[in-house]
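Asks: Take a look at the following structure, please.
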Amino acid sequence: MANFNSCYLLLQLFLLLGGVEVARSCFHCFTTPAQRDQICHRPVSLHKMDPERCLQKLHAGFLPLNSISIAFSEIPYIKGYLKIFEKDVKSIDKSLSPPDWVHQFEITMAKYVQGVRDRVERHPPEQCRPPCGLQKAARTFTCNKCAEEDCNVPVACPLETLSVSELDQITIPCGASFPLPEDPKVSWKFAKNIRVADLSYFKHIKHGDQLFLLIKPVRMSHRGTYVCEVTDDDDDIILRKFHYLDVIQSDVRERAIMDIYFQRALVEKSPTQLKEEETTKQGPSTMDTILATLQNPIAYAVYAGIFLLAIILLARFLWYYALSVDWRKQHLQSPV
């Protein structure tokens, strides 16, 4: 076994230097040197294939996977399939002739490759969602490079501006275009009075799991740039968002005075209100009653009728009195 391992490693180096793309297939990406030794040791020890041919068969058999984009999260499952492949290779009937054994080896490898294809089709990588963020669910793996690839977007989002009037309230969000962890670790930092995205200017102000920052009420001292950093369970920063808060100054003294007057108006009562309350408690005075009666239109009509009736009665009295008196006799008796 030791001699085989030495020869196998030398063979891989020779093939690599000779131009055979051993390292550019999923076979090399998903296996370790020990696993590759185990797979090729079986046919070599049974004299079914030599090491060079075994490596070339494995390389060619895995090449179809180079054209597909594999979700990075599926790599552990795909590596798990390799154990099945190793087991199936060991179970090939050793009594078969070398051509038949090689043919069965190729069938077994094709089944494994198809199993990988089926797994990738059922669990495709998610689409990248701009404009920013480390989106691990959209991370892919390519076998032709044996490397993982993240979305072509930065972790830090473009700086946004929020405007708010002094003494109002505002909520600074820390949301993302892609799903965030259920229990995120969120760190908030602040750079006072400047609009900047350089982290060296910031000071830590808050840490927790809230994806927003509430400021109530807003003061002029809150003007500046806020940044939130979201960290996942692997302690990787998956999102960094900058917000510049522009606080619009207002006349604080004037608003304070208005508030004072408003509060006094709620507590104090005007002279008219006090007089009305006193009248309600004591009842109306005689003069108020007379004035109120005189201002009534119906009272005007009654008074006019009474006055007219008194005039008529007075006129009748004077008329009868005048008829009952002998004015001639009264004239004769008067002294000369």
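The values are calculated or read from the model by the stated rules, or taken from the named source; none is laboratory data. All values derive from a computational prediction rather than experimental measurement. Cβ sites come from the backbone with ideal geometry, for glycine too, and all protein chains shown count toward neighbours. Just the protein is used for accessible areas: all its heavy atoms, side chains included, with ligands, DNA and RNA removed. Shrake-Rupley method; radii C 1.70, N 1.55, O 1.52, S 1.80 Å.
Asks: Being within 51 Å of the chain's Cα centre (by Cα), open to solvent by less than 70 Å² (accessible area, probe 1.4 Å) and over 14 Å from Cys26 (Cβ atoms) is the filter here; which residues of the range 81-103 pass it?
Replies: Glu86, Asp88
Asks: Go through the residues of the range 191-204 one by one and say whether even a single one is within 19 Å of the chain's Cα centre (by Cα) and at pLDDT 90 or above.
Replies: Scanning the range 191-204 turns up no residue that is within 19 Å of the chain's Cα centre (by Cα) and at pLDDT 90 or above.
Asks: Looking at the range 1-55, which of its residues are among the charged types (D, E, K, R) and either modelled with pLDDT of 90 or more or over 52 Å from the mean Cα position of the chain (by Cα) (or both)?
Replies: Result: Arg42, Lys48, Asp50, Glu52, Arg53.
Asks: Which one is nearest to Asp168 (Cα to Cα) among residues in the range 210-232 that are of a type in the set (S, T, N, Q) and loosely packed, with under 15 Cβ neighbours inside 10 Å?
Replies: Per the stated criteria, the residue is Ser221.
Asks: Within the range 147-157, can one find any residue that is surrounded by fewer than 12 Cβ atoms within 10 Å (Cβ to Cβ), acidic (Asp, Glu) and not in a helix (DSSP H, G or I)?
Replies: No, the range 147-157 contains no residue that is surrounded by fewer than 12 Cβ atoms within 10 Å (Cβ to Cβ), acidic (Asp, Glu) and not in a helix (DSSP H, G or I).
Asks: Being assigned to a helix (DSSP H, G or I), among the charged types (D, E, K, R) and crowded, with 17+ Cβ neighbours inside 10 Å narrows it down to one residue among Glu106, Glu121, Glu74; which is it?
Replies: Of Glu106, Glu121, Glu74, the one residue that is assigned to a helix (DSSP H, G or I), among the charged types (D, E, K, R) and crowded, with 17+ Cβ neighbours inside 10 Å is Glu74.
Asks: Right, another one. Give all pairs with beta carbons closer than 8 Å in which a residue from the range 235-251 that is in a strand (DSSP E or B) meets a residue that is open to solvent by less than 30 Å² (accessible area, probe 1.4 Å) and among the acidic types (Asp, Glu); count only pairs at least 6 apart in sequence or on separate chains.
Replies: Matching pairs, first to second residue: Ile237/Glu229; Ile238/Asp232; Leu239/Glu229; Arg240/Glu229; Val247/Glu166; Ile248/Glu166.
Asks: May I pose another question? Scan (1) at pLDDT 95 or above; (2) surrounded by 15 or more Cβ atoms within 10 Å (Cβ to Cβ) for the single condition Pro184 breaks and write down its number.
Replies: With respect to (1) at pLDDT 95 or above; (2) surrounded by 15 or more Cβ atoms within 10 Å (Cβ to Cβ), Pro184 is out only on (1).
Asks: Among the residues of the range 130-177 satisfying the criterion of being among the small types (Gly, Ala, Ser) and more than 15 Å from the chain's Cα centre (by Cα), which is nearest to Gln249 (Cα to Cα)?
Replies: Top of the filtered list is Ser165.
Asks: Out of all the residues in the range 27-56, which are in contact (Cβ under 8 Å) with a residue 24 or more places away in the chain and of a type in the set (Ser, Thr, Tyr)?
Replies: Thr31, Ser45
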